[in-house]
Structures are given as C-alpha cells and as structure tokens.
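Structure first, commentary second.
The values are calculated or read from the model by the stated rules, or taken from the named source; none is laboratory data. Please read all numbers here as calculations on a predicted model, not as lab measurements. Note: ideal-geometry Cβ built from the backbone for every residue, glycine included; neighbour counts use all protein chains shown. For the accessible areas, the whole protein counts, side chains as well, though only heavy atoms, and no ligand, DNA or RNA atoms are used. Shrake-Rupley method; radii C 1.70, N 1.55, O 1.52, S 1.80 Å.
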Amino acid sequence: LTISSHLGLYGVLVIAGFRGTVPHGLSLEIGDTVQILEKCDGEFTGWNSSDYEGIFPSNYIHLKNACVKNKGQFEMVIPTEDSVITEMTSTLRDWGTMWKQLYVRNEGDLFHRLWHIMNEILDLRRQVLVGHLTHDRMKDVKRHITARLDWGNEQLGLDLVPRKEYAMVDPEEISITELYRLCYSTYLSYLFSYSERFFLRLNRNGLPKCPEKPERHCSLFVDLGSSELRKDIYITVHIIRIGRMGAGEKKNACNVQYRRPFGCAVLSIADLLAGDSKDDLVLKVYMCNTESDWYQIHENIIKKLNARYNLTGSNAGLAVSLQLLHGDIEQIRREYTSMFTHGVSITRKLGFSNIIMPGEMRNDLYITVERGEFEKGGKSVARNVEVTMHVVDSSGQILKDFISFGSGEPPASEYHSFVLYHNNGPRWAELLKLPIPVDKFRGAHIRCEFRHCSTKEKGEKKLFGFSFVPLMQENGRTLPDGTHELIVHKCEENTNLQDSGRYLKLPFSKGLFLGNNSQAVKTTKESFWITSFLCSTKLTQNGDMLDLLKWRTHPDKIAGCLSKLKEIDGSEIVKFLQDTLDTLFGILDENSQKYGSKVFDCLVHIINLLQDSKFHHFKPVMDTYIESHFAGALAYRDLIKVLKWHIDRVTEVELHEHIQEVLKAQEYIFKYIVQSRRLFSIATGGQNEEEFRCCIQELLMSVRFFLSQESKGASALSQLQAVFLSSFPSVYSELLKLFDVREVANLVHDALGSLPTVMHGDESLQAVKLQSIGKTVESHLYTNPDSRYILLPVVLHHLHMHLQEQKDLIMCARILSNIFCLIKKNSSEKSVLEEIDVIVNSLLDILLRTILEITSRPQPSGSAMRLQFQDVTGEFVSCLLSLLRQMTDRHYQQLLDSFNTKDDLRDFLLQIFTVFRILIRPEMFPKDWTVMRLVIWDSYFFLAVIFINQLCLQLEMFTPSKKKKFMFIFILGEHKLHFIPALIGPFLEVTLIPQPDLRNVMIPIFHDMMDWEQRRSGNFKQVEAKLIDKLDSLMSEGKGDETYRELFNSIIPLFGPYPSLLKKIERETWRESGVSLIATVTRLMERLLDYRDCMKMGEVDGKKIGCTVSLLNFYKTELNKEEMYIRYIHKLYDLHLKAQNFTEAAYTLLLYDELLEWSDRPLREFLNYPMQTEWQRKECLHLTIIQNFDRGKCWENGIILCRKIAEQYESYYDYRNLSKMRMMEASLYDKIMDQQRLEPEFFRVGFYGKKFPFFLRNKEFVCRGHDYERLEAFQQRMLNEFPHAIAMQHANQPDETIFQAEAQYLQIYAVTPIPENQEVLQRDGIPDNIKSFYKVNHIWRFRYDRPFHKGTKDKENEFKSLWVERTTLILVQSLPGISRWFEVEKREVVEMSPLENAIEVLENKNQQLRTLISQCQTRQMQNINPLTMCLNGVIDAAVNGGVARYQEAFFVKEYILNHPEDGEKITRLRELMLEQAQILEFGLAVHEKVVPQDMRPLHKKLVDQFFVMKSSLGIQVLNHFVFHYSHNSPLSYPAVNRYSSSSLSSQASAEVSNITGQSESSDEVFNMQVQIIVILQTKQNLSYKAIY
C-alpha cells in the first residue's frame, strides 16, 4: 500500500498484471497492493502483501494518497480516500473469494443474488469516486452502499460492522461503551412488525371484492405513539394470489386453489406525517423471482435491495390514501364521525399501547407461522407444503371463529398458509391473531397439519404430518413468548386427528416437554417453528406473579415472592393491581412482625411504578381501591412505624437510594395510613385516638429534624430533602381528613419552618424548596383564612430570602400573585388587614428593589427569553399595584412612621418614584394590554388631579404681587440651558407619535432649544449631536415615517397654525447654519428610513448591504461621527459574514483597522471588543481580516497584511508570533499556487424610477457576481430582490420619462473588467494562478461593447461596416471592496472602426492561444480539450472564411486608397495574421505530442486545414519544423518558414498582390510593396529569426 521514499508515503494499487519474468521481478495481479522502497529509471523496488520483494514497472501501478500508522516494522497504511470506498474495496475482495466457493458448493440462488449485489455496489462505487454528487445525494448513495454491504455480510456469515455516519469506526479511537452502542444500534436496525395486519380481498381487476362494506377496505391504525413517529415507519403490503399453482397454468378438472405469493409494496410514511396528505399514492408492486426469499422481500425493498425483483408493470401499482389523525380513539370518533358511520376497521398495535388504560380488556395470542424443515418423503423433488391451523379445546372440538388473519376480515375457524413451490424449507412469516376467551384458554391447544399439494390433474392435498402446542401449562402459566421449535409428527394420509387425546400425550416441542410425559422423542430432522406473543389483561406467563397471588397455598414461599415482586414486569403488576394489593395487605395482617418491612417495600415499588407515564392512568384505580376496597384497618401502625424508621435513618449512606424511593411514595403511603385509621375508628368507635396523634407527631418531628439538617453543596442528603419537599404538599389534604385545619397548619408551619435559611447551598434544593412553598400556597389548606394567617409568615420568610438573592424570580412572582389573588379587593376584614400588615413589613421594600433590579438589566435577545422577561416583570408590577391598592391610610402611616431618619424616608421615596416612572414605560406590558395600562393610568391621573388642586397652586386666590412672584419662580428663562441636551431625546420621542397636532406643538420647542444654545455658545453643536444620535437610535427601533422627514424639511406649514421648523429658522440671524442642520438631518433620515425598511426583510440581500454602505459613508463623509461610523462598519461586517461574502467582510473590517495606530493607547470596552490597548485591537483586527481574506480566496491581500503584522512582531522581537505569521504567509503562497480560483463575472445594473430606495434611485452600479453565477441567474436574483421591478430588454441609456416614472426599472447586462496592473498580465513566465487574481481584483474600470453597423451593411462581408460602441464605466471604488457593488462615477463612450475591431479580435485570440500552448508545454493543463477546441475554432473559421474576410475587407486597393490614415493599422493586422499562423503551427506541433490516440483523426484534420489556411495567406509550407523552447518565456516561437534574401522580395510581392488584388507593377503598388517588405523584414528579424 505504500511508497517509502524521500518524496513521501503513497498508497499504490496494481492496475495491470505483471508476470515478473525479469530478474528479481515481482509478480503482480490486478487489484494487489504493494509497498515501495525506492524508485529508479521508471521502475520501483518493493514488496507485495505476501512479503515478496522485487522490481516492477512504474506504469503498472496507480498511486493513491495514504497515511501511515505505527511507522516501522509493524506499520499500517490507510488510504486517505473516503472510508466507505475503502470498505467497499476490501469487502468486495473478500466476497469475491467466497462468491466462487458458492458456485463450487452449488448454492446457485445465493450465488446469483450476491453477483447482482456486487454489481450494484461497483456501480455505486463509481458514482462516489467521480465526486460529482451533491451532499444529500452522496448521503443517499452511502446509505444504499452500507445496506448492501450489511446484507451481503449477513448472508455470508461475516462479522457485524459498526458504523458511524456510514463510516466504519476504529475501535481504538472510541470508547468501549460507544462501540457497544454502535454495535447494539446496528444489531437493532433489523425490521420488525409494529402492528397487526389489515386484510383486504381484491378481485382480479384489483378492486375490493365487497365494495358495499367500507370497513373491508378502510382501516384505522391506532396506538402510534410519538416515539414511534420519530422512527422510520413503513407500511408493507404483501399480495397473495389465490388460484392455481402456476399463474399461467391451464384450467383443470379439480379446480383446487392455493394461496401463492405474488408481490410486495412498501411505503415510508415519515414524509407523509408532516404533510397530512389525503391524496392517493400509487405504490410500486415488486414480484419476487425467488420464492425462498419471500419472507424478507419487504426488508430488502426497504433497504433498497430491490434490483433482483421485477415490477409488475410500468403502469401497475396499488393505490392507497393516507391521513394522520391525532388524539385517542374516543376523540377521533367524535371528530370524524362520518368515517365511523360509514364503517372502518381498527388495526391495533402488536401488543399493549404505550399507555395502558384501566378497564382495558384484551386476551389476544399472536402466532407467527415462521418456517419448517421437511424431508422429501421419497420424492425426487421437494414438496409443496401447505399448513392448516386449528384451535382445539380440551374436549377435542375445533373452536369456531377464533383465527384472525387481520382487521377488515371476520375471524375464521381454520388457517391455510400460502404454498411455496418445491421447497422443503419454506419460510412463511405470516402473523395471525387468536382472540381466545379466558375461559376457553385452559386445556386448549393449537394443531398445525402439513399437506403436500400435488400439481397433477387431481390437485390432491395429502396429509403427511402434524404439530401441536398447548396454550396453557398445568400450573396455570400460559405459553411463554418467543420462538418454539415444534416436533413434526409423521402420519398417514387418512389419519383421523379429531381424537386429540391420542396425540396430546406425545411431546410437542424439542425444547419443552409436558410435566408427566416420560416418552422419549424419536430422532427426527423435521421441525416446525412458530413465534408466540401474548397480550392479555387476565392471563399471565409469570410464575412469580402466580406464586404471589396464591400465597396461602405456599406460605413457605411468601418471603421469596415478596422479594421477586420488583423483578416482575410492570404491565403484569397493573393487570392484577387490586389482587396484588389485597395479597400484600393480607400478608401484613397475617404476620406484620415478620413481613411488615418487605410488604412496605413492595407497596412503595407499586406506588412508584404508577409514576411511570405508561401506567400513570392506573392512579385512579389505586385511588378507587383505597376508597372502596381497602380493608387493612390495622395497617396504619405498621406503615407509620416503617416510614418513621426510614426517615430516622436518612444519614445512613447505604440506605439513601431506598429511602429516596420511600419518600417519592409518601403521598399514597399517607393515603393508606389515613384510610386505615378511618376504618379502625369506624370499627372501634374512635379508640386509641391519642396514640395515633402521638405517632403522627413523632413522625413529623422526625421529618422536622430531617429537614433541618444542613448540607454543603449537592449531597445525597439534599437530594432526599428535595424528594420529600416535592411531594410533601400532597399530604396536606390527607391530614385534613383527620385533623383540624389549625392543627394541620401548625404541623406544616413547623415542618417548613425547620428548613435551613442558608441560600448558598445546593441550587436544586433551593428551587425545590420554593416550589414546595408555591404548592403550599396553591393548596386547599392555604385558602382557609385561619390556616393562611398561620402559614403566611413562613411563606413570606422564604420568599424574602429568594428575592434578596434574586433567585428563582419566576417562581417568586407566581407565588406572590397567588397570595394576592386570595386577598379580597377593598376588604376591611380584620384578618385581611393583618395579612397586609405582615406583607408590607416583610416584602414591600424587597419588592421595590426587585422591580428596580429587573428593569435595569438588559433585555435578553431571544424572543422566548424576552417574553419570559416581560412576564416576570409584569407579574411583580401587578403584585406591587395589588399591595398598594390593599393598603389603607393606617398602613401608609405605619410605613412612614417606621423610618427612623429623614434620609431613610428620602431613599424610600426616591426608590418608589423611580418604580412609578418605570411603570409607565411602553415595554412594561404587551401592546394590546390596554385594560392593564388603564388601571395604572387611572392612578396617575388621580394623582395629577390631587397635585393640581392643591391650595398652594390656586393662583386666583393670590394677591397680584404674590402671583407675580410665584410665576417668576416657574419661568425658566436662561435655566432652559440646563435641559440641553438632556431633554432633546424625550422631546424627539414625542414628535415620533404620528399625531399632527402633537408634532406641531413640539416645533417651537426645538426652535427654542437651538436659539438658546446659539445665544450661549454661538452654535448649536450639542443640539445637533444629540439630535443625530437619538434619530439613529429611534429609527433603528422602527419608529418614524415619511411625514416625519417632511416635518423638518418642508417650507409650507403642514398642519394647523404652526409653521414648519425650517420656516421658523429662516427668520433667524443664524439661518444659514440652521438650514444646513435641517438639510443634514433630512438626508440622514432618508437613509435611516431606507435602512429601517431594508432591515425588516428576512434574508441578507444586496439591498441590506447597499443601504448599510450608504449610511456608513454618510456618517463618515458628511457627519464625521466616528463612533457611529464604526458601529455601522461592524453591522455591515455581520451582514457580509451572514451572506458568506468573506472578501467583502475583510475589506469592511479594514476600514476600522485603518482608523487605528500601532500604539499603546488604552481603548475602552466597545461593541464586542474588551478593554485593551490600540496595538492589541489592531493586531486582533489584522488576524480576523487575514482569516476572512483566506476564506474569500483573496490570498494576495492577506499576504500584505501578514507582512505588516510580521514587521510589528519583529520590531518587538516577538519571534514566536513572527514565526507563526511567516508560516501563515507561506501557506497563503501555497494556496495561490495549489488551489483553484473561479473568476467571477461582473454585471452593470441600472435602477431607474422613483420607487427604488433613495440610495439606488436613478443610479447605475457594477456588481461582482457569485461563483458560477451567469447573467441569467444574476438577473433572476435581482428580480427576486425587487419583485415589483420591470426588466429592460435593451442596453441603451433610458430617457427622462423612465427616471421620473412611479415604478421600478432594472437594466442589467454583463461587463468586462479592465485590469489596472497590465504589466503582470503581459509578462511572460508568470503562472495563470497568479495572473487570475490581477484580472478580477482592484478593478476600477469596466467595459461594455455594443456592435452596430454604420452605413450600408455588406451582406457578403459584414466586417466591412461592423463598428463597436465601447462604453467604459469608472466606479467610485474598486471591486472587490466593502460591497459587492459600487456606483458608477463616470462613463466614457468611444467608437471603434471595423479595422480596429479586427486588430483587437486577433490580438485577444493570439494571446489566448499562447496561454493554452504554454500551459500544455509546462504540464499545467490536465486536459488538452481546451487547446484542441481553440485550435479547431481558429483553423476551421479561417478555412471557412474567418481571417479571409478581414483580407477581403481591409487589404483591397479600394479600402487602402480611401483610408490612407490606416496604413499602420493595416500593416498591424497583416502582422497579427502572420503571427497567428506561426502560433498555430507551433500549437499543432505541441498538440501532436500530447494528443491521445482516439483524437488523432481530429488532429490530422486540423493539420490539413491549416495547410489550406496558410495557402490562403500566401505562406510557404516547408517540409521540416524547428522547435525551440526558452526558459525565459513560456512560449518562444521557432522560425518555421525560412526565406532566402532573393526569395523574400518575390514572397512579399505575392503578399502585396494578395492585398491589392492586382499583379501589375504600378508605381503606387511598388511604393506600397517596398514599405511592406521593410516592415516584414523588421518583424522577421525581431520575432522569427528568419535567415536572409
């Protein structure tokens, strides 16, 4: 598998056989793997997997990447390819050997099936190796592969392969437990039946046989739990044909019909569950070619191993409709009455449902007829076996109608299996249900008769054997669940089996015998297997349960039976719940001293069993038992005694687990104690009452001691306390049945009061403690006023502790709400007033502090968490309002008197005023809670009325002098400056309310603020700064509208008598600066409104990014607000990351980086940056930008930053980081050379019309497309972003009507980038990987060519009049940059003549040819198809008129005479044509060396066409070529045409003749000839090294 050399380590696969006949040769077979030691002259030395060493040719093997483990003597080489491919390869090799052995052993069936599977795997392997699959398709293919591998391994008896995500796991790299789970999950992945069968009879036309009975062809599958719906569930359909043995047989006289396998269909309902589909689905029906495979046909179809099965027909199938119904059966009956009215059969779950309901009566025995093994019976061929089953009672009579084939079909008295043709080992796997009543179960048995079905004319069914199995043993146990191997008793054809007594004495099973049967079993090879499964609420298969219920017959087994009760399945216990409880209390009454503790443990086990969701519905059954059937009048003594014994031993560690179970069951233990005491009191007239009270007091004293124990952290003791507290409140109602409400309240008060007050203990215990308090407040005990006053102090004490620590606030709010709900509004009862006293003294202060603390926290980001935050805040606020409303004047006076100093009173008032201000915040309650808001505002309005009506504020009662003095106090005057800029934000918020009158009232206030600051400072910078900051904040929250912008900007009055702000400013002396401010704010609002509207959209698109760029530039260029600028830089960065625009994200973050210096200036915490120095933040930014350039494959830019940061590391002598940075820089260079980069396309987009956002309106942009995005895809993306836009179908500039239209017009076409760095692109020897970057990066200019004809178009040669209008677009910024598109700043339009166009076309084509030939020469090109296509395109076009058209257009005398100014251009065109011929000739020579054999004919055709092309250009064809390759240039062309000095003139003359179209020698032509000869000679001297 390896090559060990200086070059590295590789995997090697032999691709051709090598005999090894040379000296020291190593023989190789196709598919072998070899390990290579050294390489020399195209040969390798190495050894194969058999450790034979030798030499072999290098071209006989294929190198594969691999990694080596345990290098050295025992090294292991593992290919680095996909592990699924490796497994397929090794598995197919193993199968190949075993497959041949199948043929040798004559196992033809498995031989052919395995051959099909191997071919399928090979086909799937090819798909994986090609690597063109999508991610989802690859997962699907791997799933199919692993299914086939598992099937083959199972069939061949190979090992189970544990996998994780379709890949084999390495046992050394995962834990043993994980390996076990993987093996177990793989083992359990085999399919099993989940439900009973639904049976449907169809006629030969595929329609129901009984259409008048809907229940026969409609079924409801019930008891599908949520856990099952999360699994892969399938509906499997097995179709059985009833007729002759062979489907094509002719009718015979006997007319005997058999059940024969026909086909199978499978439907996965996982996809249908979510859709709730009611449409008909047509299932494909597969026919089984091999009947022996019938039993698992559905499994193979599910595993996609259906290649070996034939479809019944392309148009054939089974039509079904499915609908998912939610709810229990009774709910479905109510909601879908029509379905049950018309009739529907019920198909039940195989066994009990997830939740067993009390009173559910079932007694179903499921039998699966599995398989049989029969002898030939003297026949030359195998038998056609049919099984007939009967249920026979104890008297030998066949029970009628107790065999059900499935729902939808009435039960029958006998069952006939389907017949498998000539098969002595048939496998049926047919499921039957036997709904036998309980009274008929004892003594009944199942008899199966086996008959051979003859295919002769008579069609006889000959009996040759039978099997039987009793349904119940003599001790009362039923047939155990599982598979049973039954004995096949041979018999004669005419044997009468009606007398069951004759065979019941015989043994029936090879693994189980009747108790008193002493007969020996005859050795027989014939066996019959069935699988049984009992689903009964009356019968049991458990012997331990039977022994417990029959305890009186075996008193010596009582202790053992009680010990084994915990091992019995819960469903068995709940089936016999009442009998089991009677048994336990009967044993307790019989001997409490001996069995009291064990009976208590069994009772605890049963109580906790009912906590399980599966048996939760049996709790009412136990409640009914306690109330109506329980008779243990003396049981309370033992229960109290044992319960106290357990609680007293909570400190014993070894008992913790058991005590925890006891504490979980305390609710029902107390129910039994209370009911037992009530029964005793009724029976004795209330004797021993004091003794019982003492026992309860002692029990609760132990509880108080147990609860008072303190533990550090999460200990076992704290867990026990938590378990006790979680169920303790459920005991209150039981105690109230025997004790007075005050007594119970005092008992509970003492128990809860004993809890430790430490809050820094176990967190989970503190939460449970508070939950127990909450349940206490919600209990019936707390609703009584007498008990409530007793319990309230301890409840408030625990609440105060939790609120003080700010823990479990949601639960605290809920408890407080429940407390206030019980206090009547405006109640003057003494008890209520006393409760308010206690609450005010205990909670008012901490409640205010809690509200302040909660509202000062930042709101959580998630919507669910935010809603929870609002809920708990609102609940505390409502509790505070309830308390304040319940407080009387006496309470308020007592509260004020409780403050010792004025400072305390002042602090309290400031605190409560702050809370009052918080209460009117809009976010305090949801928007639609108007009633709740009115309650709060009602109090505020009432307070305002009281404030205004104070006597000291009634001005009409003052004297004139006092009135004047008082008014002076309230006139602010110059004190207004103290409110600037603090009140600008609140006033601005008021103006955002969309009420015209309110907005206009605020206009004078803003004007007044600006005026007063102008007077004080000579400017209004404070107003401007605060106004802009607050506008940005408010607009980001979604406030404001178009009218609001006009409020500032419009000159005419908008509403009412007030003029606009702009008009008021124009009257002032500072009007110029004021108007400038208003204009700036208006432009800012335009961008903010656009930004707000764009951010409402879900996905990141160009609009969001473009709008953010516009706002970012505005803050930088016009407002010069650096902090806002930086904030929007990071918003734009986040948008780019979300859209995976990594290059643009890097450029965006570079804007912030450019603002920083390499200094040690400390920077504050900002956005997501911690407090750090400027150097550290710049370093962090550099690394992040490099990472984004790397992800965007813009490695050249990353290299520049690597160098900059490396210089800093070097200056600080940080050589460790310097080393890392140099390594990173080197890795970026490697990526440039090794990885492929796609060159994006660029598109010009014009946005025309007034309906576009402000930053796009009537502007044109150039956009950088995504990878693989072409014009059509880009145009569709833009139309999706602007769904109301109209795409313009031309590239002409639109007129003014389009600009002013109330619509959206998009004009899109592709443009070509014009690189700035032409030197790199034109320099020879630079690899294309490097050039590709400079072609599409740092681009400012783009070009678009529009061809058109000027003058009359020549139909024969359109090149004569083909002009090109070239439009050059110059951008405001280069692409790529901080956005994928930038606005066009300038456009230049020029026209190119036909001759100039021809020159450019040839130059581009020649450059393309040079590049392709160079790549092919230097082995950069893996595939020569691009070179072949380019050569073919140029040569074929030239032969068919391409270049010749240029000759006809521009080399004729008429054109030369009419355009004397184009002489140099004509010469240049001629040079390019000759140069192209030279390049083509050299390209064909290179192509000849590398062209594969199958493309040789095409190459010959190209050479022939090239000779024709040269002849048309007047170039001589020589018989030899001279090639020369220069290392300085990727392509140096040879002098392939050598002319003598004497022949050159004649050659030039011929060329000029071609140009002019004349052969005579006029002066005009002669002068032209001389000129051209000189140019050609110069050209030859410079480029082609021609010899003269």
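Below are the figures for this structure:
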{"read-out": "Extension gain (nm, one decimal) between residue 810 and residue 326, 0.36 nm per residue minus Cα-Cα", "value": "170.9 nm"}
{"read-out": "Solvent exposure ordering (accessible area, 1.4 Å, most first) of 702, 764", "value": "764, 702"}
{"read-out": "Local net charge near residue 196, Cβ-Cβ under 11 Å (Lys/Arg +1, Asp/Glu -1)", "value": "+2"}
{"read-out": "Residue 494 paired with residue 442, simple spin-label distance in nm, labels 7 Å along Cα-to-beta-carbon", "value": "4.0 nm"}
{"read-out": "Length released on extending from residue 701 to residue 1425, taking residue separation times 0.36 nm less the Cα-Cα span", "value": "251.2 nm"}
{"read-out": "Simple label model, 7 Å out from Cα along Cβ direction - residue 153 to residue 242, nm", "value": "4.4 nm"}
{"read-out": "Size of charge dipole - the stretch 632-722 - debye, nearest 20, with Cβ of Lys, Arg +1 and Asp, Glu -1, no other charges", "value": "240 debye"}
{"read-out": "Accessible surface ranking that places the most exposed of 1009, 138, 1223 first, with a 1.4 angstrom probe", "value": "1223, 138, 1009"}
{"read-out": "Which of 678, 1016, 1244 is most accessible, then next, and so on - probe 1.4 Å", "value": "1016, 678, 1244"}
{"read-out": "Full-extension gain in nm, residue 1488 to residue 1212, via 0.36 nm per residue minus C-alpha separation", "value": "93.5 nm"}
{"read-out": "Two-decimal log10 I(q)/I(0) for the stretch 547-649, as the Debye equation yields it once each C-alpha is a single scatterer, q = 0.17, 0.20, 0.25 Å⁻¹", "value": "-0.80, -1.11, -1.54"}
{"read-out": "Solvent-accessible area of residue 362 with every protein chain in place, 1.4 Å probe, in Å² to the nearest 10", "value": "10 Å²"}
{"read-out": "Rounded FRET efficiency, nearest 0.05, which uses the C-beta distance separating residue 202 from residue 100 and R0 of 56 Å", "value": "0.80"}
{"read-out": "Magnitude of the charge dipole, the stretch 413-499, Cβ model with Lys/Arg +1 and Asp/Glu -1, debye to 20", "value": "140 debye"}
{"read-out": "Cβ-defined net charge surrounding residue 626, 14 Å radius [Lys, Arg +1; Asp, Glu -1]", "value": "0"}
{"read-out": "Residue-normalised accessible area of the stretch 531-591, given per residue in Å² at a 1.4 Å probe", "value": "42 Å²"}
{"read-out": "Ordering of 829-842, 1365-1378 by packing [mean C-beta count within 10 Å, highest first]", "value": "1365-1378, 829-842"}
{"read-out": "Residue 817 versus residue 1345: modelled label distance in nm, points set 7 Å from Cα along the beta carbon direction", "value": "7.4 nm"}
{"read-out": "Calculated FRET efficiency for the pair residue 1404/residue 1461, C-beta based, R₀ 25 Å, to 0.05", "value": "0.55"}
{"read-out": "Under 11 Å from the residue 837 label point (7 Å along Cα→beta-carbon), backbone N, the stretch 878-917", "value": "891"}
{"read-out": "Residue 1214 - accessible surface, heavy atoms, 1.4 Å probe, Å² rounded to 10", "value": "50 Å²"}
{"read-out": "Alpha-carbon centroid distance for the pair the stretch 1470-1494 / the stretch 366-385, whole angstrom", "value": "78 Å"}
{"read-out": "Rounded Å value of the spacing that divides the Cα centres of the stretch 1200-1278 and the stretch 763-814", "value": "60 Å"}
{"read-out": "Neighbourhood net charge (11 Å Cβ-Cβ; Lys/Arg +1, Asp/Glu -1) for residue 702", "value": "+1"}
{"read-out": "Accessible surface of residue 508 - all protein chains present, 1.4 Å probe, nearest 10 Å²", "value": "10 Å²"}
{"read-out": "Pairwise centroid distance, computed over Cα atoms, of the stretch 1364-1378 with the stretch 282-346, Å", "value": "63 Å"}
{"read-out": "Surface per residue (accessible, 1.4 Å probe) for the stretch 1220-1321, Å²", "value": "53 Å²"}
{"read-out": "Whether the stretch 1109-1226 is rounded, prolate or oblate, judged on the alpha carbon gyration tensor where a/c under 1.5 counts as rounded", "value": "oblate"}
